[in-house]
Structure formats: C-alpha cells, structure tokens
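Worksheet: the structure to be examined is printed underneath.
Read-outs: derived from the displayed coordinates by stated rules, not from any lab. Just so it is clear, the model here is predicted, and its values are computed rather than measured. Virtual Cβ from ideal backbone geometry, glycine too; neighbours counted across all protein chains shown.
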Amino acid sequence: MRQLINPSSTIFYRWLILLMLLTAGGYTARAQVGLSYFPADPANLYDWRAGMVNPSIGVFQTGAVEMGVKLFHLGFADNDAAAFQAAYFLLNLPRRLPGKLGLGAQVQSFRAGLFQESEFKLSLSRRLQPNLSLGIGLALRHFGYDRAQFDLVDPDDPVFAGGTSRWQPDLGLGLTYMPLTPLVLTLSASHINRPAVSLSSDAVTLDMEVRLGVSLNLGGYAAHSNTRFEEENATHAYLQLQDEALGLLQLGVENRSAWMKSRLNLPGPFCFGYGFSYPLNSLSGTSWGNHETFLVYEFDSRRKAAPVILPEESWEPFNPEMAHIDVVPQYYASASSEVINIFEKQLVRMLDADLDSSRIARLSAFDVGVLDSALDEPVFPYQLEPLLPADSQAVGGKNYAPDYRESLRQLRGTIEESGPEVVLITPKTQRKRAAGLREYLREPEGGDSLAVSLAQPHYFSREDSLRFARPVDPEDLQASERLVIIQPQSVAFSVLPVLPERLDPQWELVVEDKAGKTVFRHAGSGAESREVVWDWRDTAGRIIDPGLYRYYVGWKDQRGEARRSSIRTLYARKLKRNVRIRITRSYRTPDGQVDKVGIILNQ
C-alpha cells in the first residue's frame with residue numbers, strides 16, 4: 001500500500017509506542033506461540049497478510065494480489081531440510097461487491113515429510129461506519145497424511161480406517177475499529193467451530209483462537225502488537241518503518257523467534273519482499289533460520305491520473321455572473337436598475353408688453369420651451385443638430401433696423417464680458433437669416449473667438465415634430481412651470497427564495513435612505529419568485545431625493561427571529577436646470593450668471 005497515514009507526531013504517541021513495546025515484552029517472557037506458518041498482524045493496514053487472521057480489515061486496504069513461499073530449517077532434519085515448505089496466495093478486492101462489500105480470498109499450504117495441510121478461505125467485509133468494519137471468513141481446511149511414512153505394527157490399525165485425509169469447515173470473524181486516524185484496534189476469532197483434525201474421531205479439534213491487535217502509525221514508522229489467546233497465549237510485537245516510494249521494513253519478536261521482513265516497491269504496480277526468522281527456543285544454535293520471499297501486484301497503483309487540461313493561450317479570466325449566495329433558507333432581492341436619473345427643469349417665461357396676441361399666436365410649443373432646449377439628453381424627443389456655416393448663405397446684416405442692431409450690439413458685449421455659449425436655433429426657413437446674424441456677431445470688432453454656433457432642432461419622429469410645431473394659445477401659456485423626467489420611469493425588484501420549503505411565506509421588501517428612514521415598503525406572501533414594481537416615489541407620493549438608498553427583504557426564520565437578506569444599494573442622481581425664456585422683439589442682456597444663451601429666430 002503506497003498511501004500513508006500522516007498524523008501529527010506528538011510526545012503522547014511516542015510514549016504510547018514505548019508502552020506497547022514494554023507490554024508486548026512482558027507477554028513474550030511467559031507466552032508460547034502456536035502453529036503459524038506466516039506470522040500475520042490483524043491490525044496492520046499496510047500488510048495484506050492481515051486478512052489471513054482478520055477478515056474485516058480488507059475494506060480499509062487497497063486492492064492487491066500477493067503470493068509467496070517459505071522454507072523452514074528447524075535444525076533437526078539436516079538431511080532433508082527443504083522438506084518443510086509453505087506457500088500462500090491471497091486476493092483483496094475492497095468495496096467491489098454490491099453494497100460496498102469487500103471480498104478477500106486466501107489459499108495456504110504446508111508440506112512436511114509426514115503430512116500436509118492446506119486451507120481455502122473466502123472473506124466478506126463491510127464498513128458499518130467510516131471507522132468501523134465487520135468481517136466474516138469461511139474456510140475449508142484439509143489435513144492429509146503420507147501412510148508410507150508410518151510403520152504400523154497392526155495392519156488393521158483403525159488410524160487410517162477412514163482414509164488418509166480429511167476436510168473440515170472453519171469459521172472466523174473480525175472487527176476493526178479506528179478511534180483516531182493513527183490508531184487501529186482489532187478483535188478477531190478463528191476456528192470458532194473447532195474443526196476436527198483426527199482421522200479416526202472428532203475428539204481431537206483445533207482450539208478457538210482470539211486475537212487482539214493494536215497498531216499505531218506515525219507517518220514513516222509504526223508500532224504493532226497483537227496477542228493470540230488459546231490454550232497457550234502468544235504475543236507478537238514489532239516496529240515497522242515505511243516509505244511511500246521505497247517500501248517497508250519490519251523488525252519483530254515473538255515467543256519463539258525473532259524476524260525481519262522487508263518489501264521493496266518496484267517500478268509500476270509490483271512489490272518484491274523477503275523475510276527471515278530465527279528461533280529463540282531450544283532450536284536456537286542448531287537452525288539456519290527460515291527464509292521466505294513473496295511478490296505483490298497492487299491494483300490501485302495502476303489507476304489513471306486525472307488528465308490535466310491546459311487553457312488556451314487566449315483564455316479569458318472567469319468572472320462569476322452573480323455574487324455568492326450561501327445555500328441556507330433565505331430570500332434574495334435584485335433590482336432591474338440600481339441607478340435613477342432625475343432631470344428637473346424650472347421654467348420661467350417672460351413676455352414683453354409690446355407683443356400683441358397675434359404675434360404670440362405665431363409661436364410654437366418648441367418656441368415657448370415645453371421642453372428645455374438647453375439639455376441634449378436621449379430622454380427628450382429631439383436634439384439640436386449643429387449647422388456648418390457652409391450650409392447656409394448669409395443675408396441681411398447691413399440692412400438691420402437701428403433698434404435691432406442695438407440689441408445685437410448688447411449681445412456681442414455680453415459675449416465678450418461673460419463668455420457664455422451662444423446657440424442660434426433656427427428652423428429651415430430662417431437659415432440664411434441665422435447665418436447673417438452669426439457673421440455680424442463675429443465681425444472683427446467682435447473677435448473671432450466668440451462662441452457662436454448654429455443649430456436646428458432634429459426630432460426623432462414625425463409625431464414629435466408635429467407636436468412641438470403646434471401653435472400656442474396665449475391663455476394656456478403659464479408664466480412658470482416645473483418639469484421632471486425620470487429615467488427609468490420605474491424599477492422592478494425580483495424577490496427570489498432559496499430553499500422555499502423551509503421559509504416563512506410572509507416577507508417584506510424595504511427601501512431605506514442613508515439615515516435608515518423607510519421610503520418604500522411592500523409586504524408579500526408566498527415562498528415563490530415575485531416581482532415588485534416601484535415608481536421611485538416615497539410613502540408621501542413624492543419623487544425621492546438624490547442620494548444613496550439601500551434595499552433588502554425581511555422575514556422571520558423558523559425560530560421567529562427577524563432576518564434580512566444581504567443589503568444592496570440604489571443611487572439616485574439629479575440634474576437640475578433653471579431656464580428663463582424671454583419672448584421679445586429685440587435682445588436684452590440677461591440678469592445674473594448665465595452659462596448658455598439660446599436665440600430662437602422667428603418672424
């Protein structure tokens with residue numbers, strides 16, 4: 001297994017390792033080991049042999065196939081030392097069956113001069129919780145004896161009356177628990193049904209074995225201890241060094257031997273291992289030790305890595321279309337427009353006393369300023385179209401009446417003194433007259449720097465042209481008026497619920513000014529998407545003042561506490577202009593500060 005557990009290395013864990021080794025040493029001094037061809041630790045997540053004695057650990061391991069052989073040299077069969085041999089094969093497939101069941105298969109065999117023993121075992125395991133698993137092992141155990149190796153005094157001896165071999169079922173259970181990431185605790189039992197090993201009767205059986213395993217993994221090293229309880233208790237303890245790239249090394253001791261086991265990771269999915277054990281009992285000094293070798297093929301190391309998709313060279317940075325919303329029960333409000341433009345014009349009309357009703361009747365709606373001609377905004381139904389001097393041929397000029405010439409002289413003096421922008425607004429019929437007037441105002445004594453331009457009104461539709469060209473009734477002409485145009489005329493709020501099934505259907509949309517005063521409030525019901533339209537007027541029916549406003553949705557949660565959505569901002573800006581329209585036969589210098597003068601020529 002190439003994946004390593006990497007918990008924090010603390011003083012507590014190091015003292016716990018020392019305590020485990022000392023405890024295991026105490027067991028070793030007074031315990032005896034039972035028959036075991038391949039020592040296996042039921043709590044070692046990094047050793048697939050653990051499945052031989054603990055059928056529940058497989059779901060915590062990776063998938064693999066492992067096979068190996070072992071040669072025993074016990075010191076009392078020098079002439080035929082190779083006669084004691086053992087081999088095994090195991091398969092682990094975690095979470096591959098329906099229900100995320102883990103499947104394990106193990107085959108073990110041992111051959112000696114007098115008899116041979118083998119086992120075929122299937123294991124099923126499943127995680128009951130993320131850190132707890134349960135497993136069951138079902139095995140068939142075979143015992144066989146070589147009759148030629150026995151010199152029977154009585155040919156009718158009943159020892160082999162039933163044959164020279166016997167098959168027996170064998171049942172095992174296992175439990176694996178990881179209370180902490182680095183700590184593994186296991187409890188397993190083998191030979192629960194106590195299979196018989198005698199050929200003549202069922203009186204001789206295998207004793208049930210109960211194994212308790214503890215493993216503490218600290219990154220690159222781990223401490224393991226396991227105890228087997230039967231007629232004679234036996235304890236194993238060892239230290240394991242592991243590296244994700246290289247492999248692992250085990251150094252351990254048990255009641256009757258000490259051993260070393262290593263596993264080297266080869267390129268690809270293969271691992272190669274070698275083990276050596278030496279007896280510590282009465283065979284010590286006569287044995288050459290026991291040797292084993294094994295080969296591992298790890299399935300999960302062959303998984304293809306996710307492909308890395310590189311962006312194109314001309315890729316654009318990702319910009320989310322909307323702000324982040326936490327997926328909790330709530331309402332969310334969004335306005336179709338968060339900016340309002342308020343155009344306000346205060347209009348004052350002044351008519352000279354020498355103008356009779358017949359002259360006033362010649363004026364159009366455009367002449368008397370139904371809309372402010374000084375503002376050039378797309379919200380108005382017309383705009384001023386500049387005229388180049390080449391568009392018209394100047395006439396008049398020298399033939400002006402004395403009083404008219406005097407008014408023009410005053411206009412030129414005003415231009416020189418205060419420097420306002422002057423626009424001569426003329427219909428098509430008065431282009432030549434306007435051009436002559438412009439030339440007169442720009443004569444040398446007036447200077448070429450005077451800002452005098454020509455323009456004609458350009459309407460966006462024929463209906464607007466006819467509407468502003470209509471004559472004005474003098475009785476309907478107001479001395480002053482206030483015109484307000486709003487863009488846009490209204491705003492639509494979209495109220496969107498998140499997890500509506502868990503929301504109170506009663507909600508309220510609120511708009512407040514900077515001081516927190518409510519200027520608009522709308523109560524709604526129903527945990528569905530709604531749209532609320534507002535015409536920018538406060539609770540008193542007045543258009544809101546310029547400034548910043550905030551809006552949100554309020555409701556009560558399941559506990560009855562008041563909640564509100566994230567606050568969004570509205571911005572109202574106002575453009576205000578004072579316009580004075582003087583209808584006169586001759587130009588008069590305006591009073592006060594003037595930034596623009598428009599002269600509408602008429603007959």
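The modelled label-to-label distance between L114 and D146, using points 7 Å beyond Cα along the C-beta direction, is 1.3 nm. Residue order for S125, S334, fewest other beta carbons within 10 angstrom first, comes to S334, S125. Counting neighbouring Cβ atoms within 10 Å and putting the fewest first, the residues V308, V498 line up as V308, V498. Between segment 339-356 and segment 482-561, the C-alpha centres lie 35 angstrom from each other.
K261: which lysines have alpha carbons under 29 Å from its alpha carbon, excluding same-chain residues fewer than 8 sequence positions away? Qualifying lysines at Cα under 29 Å: K70, K121.
Under unit Cβ charges (Lys, Arg +1; Asp, Glu -1), what dipole magnitude, rounded to 20 debye, does segment 207-277 have relative to its Cα centre?
Numbers: 5 positive and 8 negative charges, 57 e Å.
In debye, rounded to 20, segment 207-277 gives about 280.
On the basis of the beta-carbon distance and an R0 of 25 Å, D538 and S494 show a calculated FRET efficiency of 0.70.
If each residue's Cβ is checked for other Cβ atoms within 10 Å, how do T429, T293 rank with the fewest at the top?
Working: T429 10, T293 13.
In order of increasing Cβ crowding within 10 Å: T429, T293.
Please give the length that would be gained between T584 and F299 if that part of the chain were fully extended, namely 0.36 nm times their separation in residues minus their C-alpha to C-alpha distance (nm, one decimal).
92.5 nm
Partner lysines whose Cα lies under 25 Å from the Cα of K428, excluding those fewer than 8 positions away in the same chain, are identified as K398, K596. Annotation: lysines with alpha-carbon distance below 28 angstrom to K514 (same-chain offsets under eight excluded): K345, K556, K574, K576.
Amide H contacts for S257 (H built 1.01 Å from N in the peptide plane; partners 5 or more residues away or on another chain; cut-off under 5 Å): L280.
Projected label points at L180 and W167, each 7 Å from Cα along the beta carbon direction, are separated by 4.8 nanometres. Using the Cβ-Cβ distance between L138 and H522 with R0 set to 60 Å, the FRET efficiency works out to roughly 0.25. Full extension of the chain segment joining R349 with Y278 gains 13.6 nm, where the gain is 0.36 nm per residue of separation less the Cα-Cα distance. The label-point distance for Q85 and R194, in a model that sets each label 7 Å from Cα toward Cβ, rounds to 3.6 nm.
Using 0.36 nm per residue, how much length does the chain from A479 to T569 gain when fully extended, once their Cα-Cα distance is taken away? Please report the intermediate quantities before stating the final value.
Numbers: separation 90, 0.36 × 90 = 32.40 nm, distance 3.94 nm.
Length gained, A479 through T569: 28.5 nm.
Using a Förster distance of 56 angstrom, determine the FRET efficiency expected from the C-beta separation of S334 and F270, and round it to 0.05. Can you show the working numbers first?
Details: r = 60 Å, r/R0 = 1.06.
Rounded to the nearest 0.05, the efficiency is 0.40.
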